[in-house]
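One structure is given below, encoded as structure tokens.
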Amino acid sequence: MKTDKEMFINVSAGGTRIAVTENRKLVELHIERADYERMVGNIYKGKVQNVIPGMQAAFIDIGYESNAFLPFSEIGSPENLSNLSFDDDDDDEIPSKNKNTTKRNFNPEKDLSKGDDILVQVIKEPFSGKGPRVTTEVSIPGSLMVLVPNGNYIGISRKISDKYEKRRLRRTVKDFKPENFGLIVRTIAQGKDVALLEADFNRVWDKWKELDQKIKKKKAPATVFRDFTTSDQVIRDLFTPQVKRLIVDDKALYKRFSTYLKDVSPEQLKNLELMKGKGTIFNQDKIEEQIEKSLKRKVWMKSGAHIVIEHTEAMVVIDVNSGRYIGKKDHESNSLKINLESAREIARQLRLRDIGGLIVIDFIDLQDNANRKKVYNELRSTLLKDRAKVSLTEFSNFGLLEMTRQRIGLNLLHTVSVECPTCNGLGRIESHETTLTRLENWLKRFRVKAKDKRLRITLNPEMVDYINETKSKVISGFMWENWMLIEIQKDPHLPPHEFNVYSKKRREDVTDEV
């Protein structure tokens with residue numbers, strides 16, 4: 001079956017949301033919150049705070065509220081250590097003691113000391129009070145290739161299978177690869193001409209030269225390189241030729257993407273669209289409805305069976321239940337059918353919710369080992385679409401299947417919600433940013449459907465204070481654009497994530513109309 005892949009980007013006061021659909025079904029959701037700056041990909045000149053052999057790790061001060069975690073296994077080229085404090089007149093070459101040094105003969109316990117300067121790159125966002133995870137094996141990503149300092153090789157994406165194209169790309173890149181630098185050619189470079197490849201290299205090389213100057217001039221801890229924003233990263237990494245179209249509802253973002261594509265993939269400009277007219281972009285393919293479902297514990301499937309997803313401190317537990325399903329065959333056959341459907345849905349939910357870490361799945365018991373194997377294979381094959389690294393084990397003696405999924409950033413639940421203040425963190429409620437985004441989308445839908453010009457919006461006092469202090473222009477801007485008069489009123493009895501809308505013209509509550 002052919003996969004019809006599309007992308008939608010919604011910009012609001014609460015942040016930017018990027019939805020990826022396959023055959024009109026939501027499979028990925030990326031959220032760039034207005035109040036949170038993504039760290040993955042950023043490079044820092046840090047300072048070693050502690051070296052702990054018992055943990056096989058070091059803690060690095062990068063200027064964040066918590067020290068970054070550097071496992072010894074993530075310490076690569078020693079050239080990133082102890083040679084970062086240069087004056088403008090100093091020799092930029094690596095000190096002789098580090099020449100011809102490799103990862104194998106570098107001993108972090110002896111050669112890494114408190115107070116040393118060190119160059120690190122964030123590979124995992126801070127999570128649950130823990131600092132970001134970092135590596136010394138830094139890289140500068142471009143659109144078509146990745147520059148690797150202190151390397152001396154050319155790598156070609158494994159997804160490029162044509163040996164002649166691989167040979168062409170290798171020969172092309174070899175002509176401008178600097179000495180003692182590595183270059184990794186990305187999949188999207190396939191078929192690109194020399195001019196586009198060289199232009200992308202020049203952009204990456206300029207970033208490195210700017211980074212190099214910051215390393216020499218800035219004192220640790222300091223940020224020396226910032227990766228793209230989430231929306232820019234998505235168009236760089238996900239907007240491939242396989243995507244039928246990318247629709248954006250913001251003119252400024254549309255222009256930025258257009259400029260980017262002209263430089264990198266001009267043939268894809270035809271697939272970029274700016275949404276016209278009123279309404280919300282996430283009404284298409286019922287994306288908003290699918291997002292709301294993705295935040296619920298229970299996920300219903302077509303058969304009437306359902307899965308329950310529970311987040312704990314140590315792991316995520318997924319339980320498969322027959323629910324309302326009434327099969328026509330024997331118990332084993334019915335259980336197999338539900339488990340196969342659940343395997344496909346679990347793979348989609350893991351990708352959509354961006355769930356990482358240890359995951360334990362409790363499928364419905366199967367007596368036949370051949371049937372267990374079918375479920376295992378179904379889950380594994382469906383997970384091949386996932387860009388995150390995944391590892392599965394076979395079914396245990398207790399009928400449980402354990403797996404791990406690469407965790408890079410916050411999962412969807414933690415991105416759009418905060419700990420509930422009433423139950424002291426045992427549950428979660430919608431964040432102010434998420435509530436504001438939902439309110440903004442409600443107003444857009446209401447404006448298309450109704451002609452009411454005067455509204456009164458009732459919110460929890462915390463939410464009203466949040467809008468007045470940080471987002472007052474959102475409401476005033478909406479009133480100006482739509483010739484409406486909106487009054488904001490506090491109601492301490494309303495939960496922080498709820499709102500009510502009253503039409504002054506009709507003198508009635510209109511919250512449930514859209």
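The values are calculated or read from the model by the stated rules, or taken from the named source; none is laboratory data. This structure is a prediction, so every number in the text was calculated from the model and none was measured. FYI the Cβ positions are ideal-geometry reconstructions off the backbone, even for glycines, and counts take in every protein chain you see.
Quick notes
- In the stretch 303-314, the residues that are closer than 22 Å to Leu358 by Cβ reach residues that are at pLDDT below 90 and of a type in the set (Ser, Thr, Tyr) with C-beta atoms within less than 8 angstrom, at least six apart or across chains, in these pairs: Glu313/Ser128.
- Residue list for the stretch 396-408, restricted to those being under 17 Å from Val320 (Cα atoms) and either in contact (Cβ under 8 Å) with a residue 24 or more places away in the chain or of a type in the set (Gly, Ala, Ser) (or both): Ser396, Gly399, Leu400, Leu401, Glu402, Met403
To keep it simple, each residue is scored yes or no on (1) of a type in the set (Phe, Trp, Tyr); (2) under 30 Å from Asn283 (Cα atoms).
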residue: Leu26; (1), (2): no, yes
residue: His30; (1), (2): no, yes
residue: Ala34; (1), (2): no, yes
residue: Tyr44; (1), (2): yes, no
residue: Ala57; (1), (2): no, no
residue: Ile62; (1), (2): no, no
residue: Asn67; (1), (2): no, no
residue: Ile75; (1), (2): no, no
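- Checked against (1) surrounded by fewer than 19 Cβ atoms within 10 Å (Cβ to Cβ); (2) closer than 30 Å to Glu433 by Cβ; (3) not assigned by TED's automatic domain parsing to the domain that holds Asn271, Lys25 passes all but condition (3).
- Matching residues, the stretch 235-266, being part of a helix (DSSP H, G or I) and of a type in the set (Ser, Thr, Tyr): Tyr254, Ser258, Thr259, Tyr260
- Search result, residues across the stretch 444-463 that are within 29 Å of the chain's Cα centre (by Cα) and without any contact (Cβ under 8 Å) to a residue 40 or more places away in the chain: Glu462, Met463
- Just so you know, in the stretch 372-429 the residues that are at pLDDT 90 or above and among the acidic types (Asp, Glu) include one that is surrounded by the fewest Cβ atoms within 10 Å (Cβ to Cβ), and it is Glu394.
- Of all residues making up the stretch 126-159, the number that are of a type in the set (Gly, Ala, Ser) and under 22 Å from Phe176 (Cα atoms): 6
- Residues satisfying the stated conditions in the stretch 273-289, i.e. more than 17 Å from Phe446 (Cα to Cα) and in contact with a helix residue (DSSP H, G or I) (Cβ under 6 Å, 6 or more places away or on another chain): Leu274, Met275
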